[in-house]
Amino acid sequence: MNMEIPSKYSPAEVEKKWYKYWTEQNLFHSEPDEREPYTIVIPPPNVTGVLHMGHMLNNTIQDILVRRARMTGKNACWVPGTDHASIATEAKVVNKLREEGIAKFSLTREEFMKHAWDWTHKHGGIILEQLKKLGASCDWSRTAFTMDEARSESVIKVFVDLYNKGLIYRGVRMVNWDPAAKTALSDEEVIYKEVKSKLYFLKYKIEGEEGFVTIATTRPETILGDTAICVHPADKRFSHLKGKKVLVPLINRPIPIIEDEYVDMEFGTGCLKITPAHDINDYEIGLKHQLPSIDIFNDNGTMSQAAELFIGEDRFVVREKIIPQLEKEGNLARIEDYTNKVGFSERTDVIIEPKLSTQWFLKMEELVKPALENVLNDNIRFHPGKFKNIYRHWMSNIKDWCISRQLWWGHRIPVYYLPGGDLICAETQEQAMELAIRKTGDTDLSPNDLKQDEDVLDTWFSSWLWPISVFDGIRYPENDEINYYYPTTDLVTAPDIIFFWVARMIIAGYEYRQNFPFKNVYFTGMVRDSQRRKMSKSLGNSPDPLDLITKYGADGVRVGMLLCSPAGGDLLFDENLPRQGAGFATKIWNAFRLVKNWKVVPELEQPEHSKLGLLWFQNKLSLVTEILNTQFDQFRISEALMTVYTTVRDEFSGWLLEIVKPSYQQPIDQKTYEEVLNLFDQLLRLMHPFMPFITEEIWQMLKERKRGESIMISRTPEVKQYNPKLLEAFENIKETISGIRNIRKEKNIPNKEILELKIQQGDKGFETQFAPVLIKLANLSTFDQVAEEVKGAASFRVKSTNFFVPTHEFIDAKEELKKLEEELNYARGFLNSVMKKLGNERFVHQAPEEVVAKEKAKQADAQANIKVLEDRISALKQTTN
């Protein structure tokens, strides 16, 4: 079949064409059938987010796994979707409204939600469209959103169920407060960073006396909320203060001096200020000693009326302002530099404020047990396994989950308050009305009498149900899809959300399906720049993924992302990686052009060298397929790519095509041509999960295809029986050919010059069965067996066989002699270094046997090499005299 093949591969044109074809043919779609399911749910990105390098890596790996599963005959289903991202999305909507001169609280909740939905519809889903550029083979008909009807009803249903089980409760607790987002955060949403701070030593006047008590604090603004000073009962330095009071600086509020063993006598001054409203440990001490709690901060981090001073000013502005006043009043002793860890909001990156607040919590102690047990016993496998210990530590020390957020965008908590203070938990207002009437007996109650809780649920409270809710398994627990696709097969995610998401999905899986949500979790690494810095817009070190795809093609970028990306290991991204990937695509394209441009003559007989080369590569391909299967089973995805990469670049292009390639402007026989096309077809199938676009383009052009056919639904090659001895023999032939090529290079002998080869055969190293391949690729006229060394010939050794190439007619004898003497000096130096080791009795007696044996083998090889070089020098000297 003759066709015009473009000289250059055009990624943009090819990618657009085949993605359209795949979607038009509905090839990504999955329905339950008799096949084994293979299911992946996408980690839902923020609905208004855009593609970044982490998404690129994660989704490339997911697509590789899905495409491979599809090609092994499984019913592959990759479910896409997005997350409503309460905090991030609400912040964007609030900023957009502010720019329009509208304050959030000037709107009703319903009005704000309309703005939020408008924003979501305008900006939402962009990232999913971007994933298509990467080649993501998601079943787009299944696209879910954590706030669509099915998912929302599922979330509310689960809340009500857990409330009715007594696992959800409401209480006043110390929480992590985000003053920018004005909401509580769970412990997992707080990122601790080491910062350079100051330690302020402040003096509190003892009431009714002249003396002072000195305390040390990093947060001087919080003294306005102090309700006690605490010392250790065994600290004799302060025994005289027992029962006394001190005055809070600037406001002169008397507060008691109390004793508690919690105090570290070695830290600071040994005296601890107690601010129950703004420190978790102080809160516990306050409860124990029945201290009042004074909340000096408003929700936005400004000082409240209770602070008495600096009312309405920001907490950090006050920190700067309060120090001069304390110094003026004589309350500042000294200031020291101090490095400490400070909690920041994972979403807004502002310093969190410990704050007493009424919140909703989920009891975790019993829920986590099956989720912990089934990871530790490997029912769920982590790749790499090191994350199992991190998971165990967190799950063994878990606290109740704060699930309420002080936001409007999200799933509103389905709790309704009655006029008398009673509360009702129900899935809908209608159900709440029925329960309220039943509970109170008051048939005059109306919907206006029910006030729904203002808070929404933590975003993770919806995404923890994701593997179940995408198949509607919460609302309809026995539907066909949940019973077929659940549990899912693999999860690909970043390790930074192992607690936010992975652990909680496992918890939900056992609570609502009595089974794990996925069998394997593959943790990707963090994408960093070549200096190991995390990629970020502020550093300007994060390339736009779509720009990379435009520049290097989707296949080039996919290959580049995996070239150095071991599971759980950071990817050090460099633009040379996708460039290398694009170069590999060009290599494949050029190999295809070479083969398809051969002129085929049916009458020609197949040459013996082609027959042998094809036999070798068929065996090699079976071995490679077996290796790939193992690598995929062990989630060694980057290694699998390198296996395919080197097989195509080195074995197929570098060896097979060189063996079968006809002489310049000569035709090829039909049998060889068809077998090469068949092997190319199989190679393309192995490559397809990694490089879907170029493999589809070439596969479609290899031979006539019917409408609807696609490489992505063809079967991947199966492992056939192969001959290891044949493969080993061919490696010897490759080494022999390389040896002859090296002689040509060293002696500057052109490839067109035909050489003779003399073989002094040992027990290993010469493979007569592949002699036709040797003759063709080394351009030999003949080869002869010899009993002795060939004087004056260039030589090399493969295993125990010596090869000699007479080169006297091609070389300068004096130059050759100089080169051999340099090699001999190097060889003697190497032998001396080995002999020194072996002459060291301590090394010989203490080193492992295999290490000593290796050194002895080096000694034997070096001695044999020296003998060969000495003989060659001697022979060459005789010919020049």
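The values are calculated or read from the model by the stated rules, or taken from the named source; none is laboratory data. In this text, all values refer to a predicted model and were calculated from it rather than measured experimentally. Counting neighbours? That spans all protein chains shown, and the Cβs are built from the backbone with ideal geometry, glycine included. Note: accessible area is taken over every heavy atom of the protein model, side chains too, but ligands, DNA and RNA are not part of it. Shrake-Rupley method; radii C 1.70, N 1.55, O 1.52, S 1.80 Å.
Reported count of residues in segment 102-128, each being assigned to a loop (DSSP other than H, G, I, E, B), free of Cβ contacts under 8 Å to residues at least 60 places away in the same chain and surrounded by 12 or more Cβ atoms within 10 Å (Cβ to Cβ), is 2.
Among the residues making up segment 793-817, those that are open to solvent by 20 Å² or more (accessible area, probe 1.4 Å) and either farther than 18 Å from Asn865 by Cβ or assigned to a loop (DSSP other than H, G, I, E, B) (or both) are Lys799, Ser800, Pro806, His808, Glu809, Phe810, Ile811, Asp812, Ala813, Lys814, Glu815. Of the residues making up segment 239-298, those that are within 19 Å of Pro354 (Cβ to Cβ) and among the basic types (Lys, Arg) number 2. Would you please name the residue that is farthest from Arg636 (Cα to Cα), looking only at residues in segment 583-610 that are in contact with an Asp or Glu (Cβ under 8 Å, 6 or more places away or on another chain) and assigned to a helix (DSSP H, G or I)? Once the filter is applied, the top-ranked residue is Ser610.
If only residues of segment 733-768 that are charged (D, E, K, R) and under 15 Å from Leu780 (Cα atoms) are counted, the one that is surrounded by the fewest Cβ atoms within 10 Å (Cβ to Cβ) is Lys752. Per the listing Leu702, Leu683, the residue uniquely surrounded by 14 or more Cβ atoms within 10 Å (Cβ to Cβ), over 17 Å from Arg68 (Cβ atoms) and either touching a helix residue (DSSP H, G or I) at 6+ places or on another chain (Cβ under 8 Å) or modelled with pLDDT under 95 (or both) is Leu702.
The residue that is nearest to the chain's Cα centre (by Cα), counting only those in segment 642-664 that are under 28 Å from Pro578 (Cβ atoms) and aliphatic (A, V, I, L, M), is Met642.
Apart from one condition, Asn340 fits all of (1) open to solvent by 40 Å² or more (accessible area, probe 1.4 Å); (2) within 40 Å of the chain's Cα centre (by Cα); (3) modelled with pLDDT under 95; the exception is (1). Quick one: which residue in Ala228, Ala234, Ala216 is open to solvent by less than 50 Å² (accessible area, probe 1.4 Å) and modelled with pLDDT under 95? Answer to the check: Ala216. The set of residues from segment 482-538 being part of a helix (DSSP H, G or I) and charged (D, E, K, R) comprises Asp496, Arg504, Glu511.
Looking at this structure, is Leu57 within 15 Å of the chain's Cα centre (by Cα) and assigned to a loop (DSSP other than H, G, I, E, B)? So Leu57 does not fit the description; no. Taking each residue of segment 868-881 that is more than 22 Å from Arg797 (Cα to Cα) and looking for partners that are modelled with pLDDT of 75 or more and open to solvent by 40 Å² or more (accessible area, probe 1.4 Å) with beta-carbon atoms closer than 9 Å, six or more apart or interchain, yields Gln878/Lys791; Thr879/Lys791; Thr880/Lys814.
For segment 163-212, a residue qualifies if it is surrounded by fewer than 21 Cβ atoms within 10 Å (Cβ to Cβ), within 20 Å of Glu284 (Cβ to Cβ) and aromatic (Phe, Trp, Tyr), and the qualifying residues are Tyr169, Tyr192. Just to be sure before I move on: is Leu272 within 23 Å of Ile351 (Cβ to Cβ), in contact with a Phe, Trp or Tyr (Cβ under 9 Å, 6 or more places away or on another chain) and modelled with pLDDT of 90 or more in the structure I sent? In short, yes.
Residue by residue, here is whether (1) open to solvent by less than 60 Å² (accessible area, probe 1.4 Å); (2) touching a residue at least 12 places away in the same chain (Cβ under 8 Å); (3) of a type in the set (D, E, K, R); (4) farther than 23 Å from Tyr391 by Cα holds:
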position	(1), (2), (3), (4)
Ile424	yes, yes, no, yes
Met433	yes, yes, no, yes
Lys439	no, yes, yes, yes
Lys451	no, yes, yes, yes
Asp458	yes, yes, yes, no
Ile482	yes, yes, no, yes
Ala494	yes, yes, no, no
